[in-house]
Amino acid sequence: MRIEFDRDTCIGMFQCVAEWDAFEKDEDAGKAVLADSEEVETDLFAREVPDDAEFDAKFAARTCPVDAITVYDDDGEQLVP
């Protein structure tokens, strides 16, 4: 499973931070940060989701009020949002 985070879309509600510890607060920027991710496009960050964190990653994506987080299965199909 893979997760993508659009930092430009993020509005800093930090609901994702409460749901999965891979998201951290960047209070100075007013945006979340996806830890251990790589920037694949400008302000688009991605990383693999460990098997034991799949539920939390999906929940973090579902709680984002602006759909800045997208989750894909191993075949590249979008699962969330």
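Worth pointing out:
- Set side by side, the residues Asp28, Asp36, Asp6, Asp73 differ, and just one is out of contact with any strand residue (DSSP E or B) (no Cβ under 6 Å at 6 or more places or on another chain) and of a type in the set (Asp, Glu), which is Asp28.
- Positions within region 55-74 being under 15 Å from Leu34 (Cβ atoms) and part of a helix (DSSP H, G or I), in sequence order: Asp56, Ala57, Lys58, Phe59, Ala60, Ala61, Thr63
- Of all residues making up region 30-39, the number that are surrounded by 15 or more Cβ atoms within 10 Å (Cβ to Cβ) and closer than 14 Å to Trp20 by Cβ: 4
- Selection within region 40-81 - surrounded by fewer than 16 Cβ atoms within 10 Å (Cβ to Cβ), in contact with a Leu (Cβ under 8 Å, 6 or more places away or on another chain) and either closer than 10 Å to Glu4 by Cα or of a type in the set (A, V, I, L, M, F, W, C) (or both): none
- Condition check for Glu24: surrounded by 12 or more Cβ atoms within 10 Å (Cβ to Cβ) and not in a strand (DSSP E or B): no
- Among the residues listed as Asp52, Asp74, the single one being without any contact (Cβ under 8 Å) to a residue 60 or more places away in the chain and among the acidic types (Asp, Glu): Asp52
Here, each number is a calculation from the coordinates, and none is a lab measurement. Just so you know, these numbers come straight off a predicted model, no measurement behind them. We place every Cβ from the backbone using ideal geometry, glycine too, and count neighbours over all the protein chains shown.
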